[in-house]
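Below is one structure, written out as structure tokens; comments come after it.
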Amino acid sequence: MVAPEDGSGRTDVLSYLRVDRFPHLWCPGCGHGIVLGALVRAIMRLELDPRRVVVVSGIGCAARAAGYLNFDGVHTTHGRAIAFASGIKLARPELEVIVITGDGDLAAIGGNHFVHACRRNMGITVVCFNNSIYGMTSGQYSPMTPYHAMATTAPYGHIERPFDLCALAAGCGATYVARGAAYFPARLADYIAGGLRHKGFAFIEAVTQCPTYFGRRNKMPRGVDLLRWQKERAVPVERAARMTPEELEGKFTVGVFRDAEELEYTEEYDRIIALAGYREGGESGCPAPGR
Amino acid sequence: MGEDVRPGTAEAAGRDDRARRRRTALTGNEAVALAMRQVEPDVVAAYPITPQTDIVQFFASFVADGRVKTEFVTVESEHSAMSAVVGASAAGARAMTATSANGLALMWEVLYIASGSRLPIVMPVVNRALSAPINIHCDHSDAMGARDSGWVQLWSEDAQEAYDNVIQAVRIAEDPRVLLPVMVCYDGFIISHALLNLEVLTDDEVKEFVGTYRPDRSLLDPDRPVTVGPLDLYDFYFEHKRQQAEAMAAAREVIPEVAAAYAALTGRSYGMMEAYRLADAEAAVVVLGSAAGTARFVVDRLRREGRKAGLLKLRVFRPFPASEMAEALGGLRAVAVMDRCDGFSAAGGPVFNEVRSALYGLDGVRPDAAGRPQGRAPNGPPLVVNVVYGLGGRDVDPEDIEAVFDLLFRRIEGEEPRGEDGAGVLSRSLRPSPNTEVHYLGVRE
């Protein structure tokens, strides 16, 4: 592993983390640390300059990762991380803007920002730590809680269907879409690295486990029970293509669902600025973009 | 409560009822969830946020267990929660939600729609600091920010009062003279998560007390169709706002009426405020929320030392009881208004500004026929200083409040504010103007 040439001496995963903030708040058996580790390994593999990485998060257990990562970052309000990140990317398109979010944060309160960010294809990378539940507030069902699962707000079982977040992202126009799981951390790091390399909007769903508030209510009280659940139900997208809907019942697919090159928003924005005749120090009347 | 009760009288029967009533240990959130269950609103919509969360969680269990018939909707944000209860209330339902901090902030737009549409929604607000930076602990910035949104605000000192306030709030909100939404505020964690042994009513008593909500007009009445909240420009908007102001003024009459009815039922009486050992006090603090209990303890301690200390606990912040405030404080020499919120006006917190405004112009210098000075503050209104405290859950203990009283007594003894007036736990005053002192209690400078 090559250390980034920023004089920071970052050579291992821990050197990217604010270990002085530990112990972290995640429960024993939680998968968020695995997902965070995969993100850091992806950043290391791509040798991203830590001075050009910005981490933006919303609210929830996953969002706390922003505080543990030793990058510039903003810990924002519930559901709005993508909106804040869009502002950062517009002002400084050369930065690597990473959004860390959870399933409640992204798909419920932040759903509107998510679908429009996918449509806009702005070059930010969104990693959704999907643990199927609102963990921070102790186990209310989220838009990703499986049908019939138990939650504190569904003590006799959940009667809504969850989103397929990757299908939603692709349907809304996201140009890089992948799903991994905490059980497969190396592949997850691959998917995140793919997203970071990608020029447009990249969405990576990381299926992770919440033994405390999801598992205990659903007969999987230990982290390892939920990891086994991931292992048994994850189907690579290539194999899924050869399976019938009946065979896929109760499974979830992992892999890269979409990796397409399309017009990236900040490049388009620059084109419009040029079209409007803005020149540095010129007389177009356009306000100077902040870059 | 009378001490000399004859057996067989109605009063004695009332006392027997009370004795039969359940005393039970509940957290503030459990108590409020219980009150909501007993009120049994038609619709509850909610979204989780610390420290409100377990109200909704308990309520979800009541729904799932069939203990209430309420339609319970878990929505995807607080904006949606408030919107859903607005819709329900406009349709003639009794509707409730609950929130905290940023959840309340996200409801902002819809708070005004609830009050402007005159919808009697009741909402527990579990007070918590606002981001940024993120903090989940108690302060009053959330509800104080909403003080001008047209909602009645009841504040609670403990879980018992939070429980009692929720039940009374329903009647206040739905009174035809008022028809305004009501927030029941209580301190996050300090009240919401602490156990208190409290007295609860029976389900029947609560149902009888709140009665049935029968709106004069609502949606879903096809023979009398109405549109709620349509365009209302310079022709009528102003009149509608004036009507809102009149409704808020009417609440000033209705709140004590409801409190009196509640006292008859429970023996617990609540006013717009509680004046504690104020009658002969020279110095007093004005507090709302859980710190009132600490302040009461300090007042007793100072009284034992022979110092004339008092407490004014504010229960109703909207409508603001300016007249009662002037009555209660006008005769004092020095008052510290405690704000668990900084309005960032750089001229004192929201409660301070309201209280001092209520005391303005009280000095009746014109003597009556016998030569005695008139007015409620014959020696001029008291000196009023502001103490901002407890932001983001910073603890406030008896010694802190004693330091506030020390400051007041030093001022009464004629000590002029000087550089060292920030000694001890009190910060140096920001001194926004020559006659205004704003201290921060227990802050690092």
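The values are calculated or read from the model by the stated rules, or taken from the named source; none is laboratory data. The structure displayed is predicted, hence computed values, not measured ones. Because the Cβ atoms are built from the backbone with ideal geometry, glycine has one as well, and the counts that use them run over all protein chains shown. The protein model used for the area step is the full one, side chains on, heavy atoms only, and it has no ligands, DNA or RNA in it. Shrake-Rupley method; radii C 1.70, N 1.55, O 1.52, S 1.80 Å.
Listed here are the residues, each with its yes/no results for (1) out of contact with any Pro (no Cβ under 8 Å at 6 or more places or on another chain); (2) open to solvent by less than 10 Å² (accessible area, probe 1.4 Å); (3) away from every other protein chain (no Cβ under 14 Å).
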{"site": "A:PRO93", "(1), (2), (3)": "yes, no, yes"}
{"site": "A:ASP105", "(1), (2), (3)": "yes, yes, no"}
{"site": "A:ASN121", "(1), (2), (3)": "yes, yes, yes"}
{"site": "A:THR125", "(1), (2), (3)": "yes, yes, yes"}
{"site": "A:ILE159", "(1), (2), (3)": "yes, no, no"}
{"site": "A:ALA170", "(1), (2), (3)": "yes, no, yes"}
B:SER192 passes all but one of (1) closer than 23 Å to B:VAL316 by Cα; (2) open to solvent by 80 Å² or more (accessible area, probe 1.4 Å); which number fails?
(2)
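Does at least one position in segment B:211-233 carry a residue that is farther than 19 Å from B:ASP42 by Cα and surrounded by 14 or more Cβ atoms within 10 Å (Cβ to Cβ)?
Checked segment B:211-233: at least one residue is farther than 19 Å from B:ASP42 by Cα and surrounded by 14 or more Cβ atoms within 10 Å (Cβ to Cβ).
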Please indicate, with yes or no, whether at least one residue in segment B:66-82 is open to solvent by 10 Å² or more (accessible area, probe 1.4 Å), more than 14 Å from every other protein chain (Cβ to nearest Cβ) and in contact (Cβ under 8 Å) with a residue 40 or more places away in the chain.
no
Only helices (runs of 4 or more DSSP H) wholly contained in segment B:27-140 count here; list those with 1 or more residues that are over 24 Å from B:ASP158 (Cα atoms).
B:53-64, B:78-90, B:101-106, B:108-116
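Identify, please: which residue in segment B:123-174 is within 14 Å of chain A (Cβ to nearest Cβ) and more than 14 Å from B:PHE189 (Cβ to Cβ) and is, among those, least open to solvent (accessible area, probe 1.4 Å)?
At the first step, the residues of segment B:123-174 found to be within 14 Å of chain A (Cβ to nearest Cβ) are B:126, B:128-136, B:142.
If we keep only those that are more than 14 Å from B:PHE189 (Cβ to Cβ) as well, we get B:130-134.
Values: B:LEU130: 65, B:SER131: 40, B:ALA132: 89, B:PRO133: 107, B:ILE134: 62 Å².
Among them, the one singled out is B:SER131.
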If you scan segment B:303-336, which residues turn out to be basic (Lys, Arg) and without any contact (Cβ under 8 Å) to a residue 24 or more places away in the chain?
B:ARG304
Hey, B:MET144 assigned to a helix (DSSP H, G or I), within 22 Å of B:GLY349 (Cβ to Cβ) and modelled with pLDDT of 95 or more or not
yes
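Looking at this structure, is B:GLY310 modelled with pLDDT under 95, in contact with a helix residue (DSSP H, G or I) (Cβ under 8 Å, 6 or more places away or on another chain) and assigned by TED's automatic domain parsing to the domain that holds B:LEU407?
Working: modelled with pLDDT under 95: no; in contact with a helix residue (DSSP H, G or I) (Cβ under 8 Å, 6 or more places away or on another chain): yes; assigned by TED's automatic domain parsing to the domain that holds B:LEU407: yes.
No; evaluated as a whole, the condition is false for this residue.
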Looking at A:HIS24, A:HIS78, which one is open to solvent by 30 Å² or more (accessible area, probe 1.4 Å), within 13 Å of chain B (Cβ to nearest Cβ) and within 29 Å of A:ARG216 (Cα to Cα)?
A:HIS78
Restricted to segment A:140-152, and to residues that are within 8 Å of another protein chain (Cβ to nearest Cβ) and within 15 Å of A:ALA108 (Cα to Cα), which residue is least open to solvent (accessible area, probe 1.4 Å)?
A:GLN140
Filter segment B:278-320 down to residues that are more than 22 Å from B:GLU161 (Cβ to Cβ) and assigned to a helix (DSSP H, G or I) and give me whichever is least open to solvent (accessible area, probe 1.4 Å).
B:LEU302
Can you name the number of the only condition in (1) within 19 Å of the chain's Cα centre (by Cα); (2) surrounded by fewer than 19 Cβ atoms within 10 Å (Cβ to Cβ) that A:LYS219 fails?
(1)
Across (1) open to solvent by 70 Å² or more (accessible area, probe 1.4 Å); (2) within 30 Å of B:ASN165 (Cα to Cα); (3) without any contact (Cβ under 8 Å) to a residue 24 or more places away in the chain, B:ARG252 clears everything bar (3)
Taking segment B:98-122, which residues are open to solvent by less than 30 Å² (accessible area, probe 1.4 Å), within 14 Å of chain A (Cβ to nearest Cβ) and in contact with a Gly (Cβ under 9 Å, 6 or more places away or on another chain)?
B:SER100, B:ALA101, B:LEU104
For A:GLY135, all conditions in the list (1) within 14 Å of another protein chain (Cβ to nearest Cβ); (2) surrounded by fewer than 24 Cβ atoms within 10 Å (Cβ to Cβ) hold save one; what is the number of the exception?
(2)
Examine segment A:83-90 for a residue that is assigned to a helix (DSSP H, G or I), in contact (Cβ under 8 Å) with a residue 40 or more places away in the chain, within 19 Å of B:SER77 (Cβ to Cβ) and open to solvent by 10 Å² or more (accessible area, probe 1.4 Å), and state whether such a residue exists.
no
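Does segment B:51-65 hold any residues that are open to solvent by 30 Å² or more (accessible area, probe 1.4 Å) and either more than 7 Å from chain A (Cβ to nearest Cβ) or within 14 Å of A:MET136 (Cβ to Cβ) (or both), and which are they? Give the derivation first.
Kept after step one, since they are open to solvent by 30 Å² or more (accessible area, probe 1.4 Å), are these residues of segment B:51-65: B:54, B:57-58, B:61-65.
Scanning segment B:51-65 gives B:ASP54, B:GLN57, B:PHE58, B:PHE62, B:VAL63, B:ASP65.
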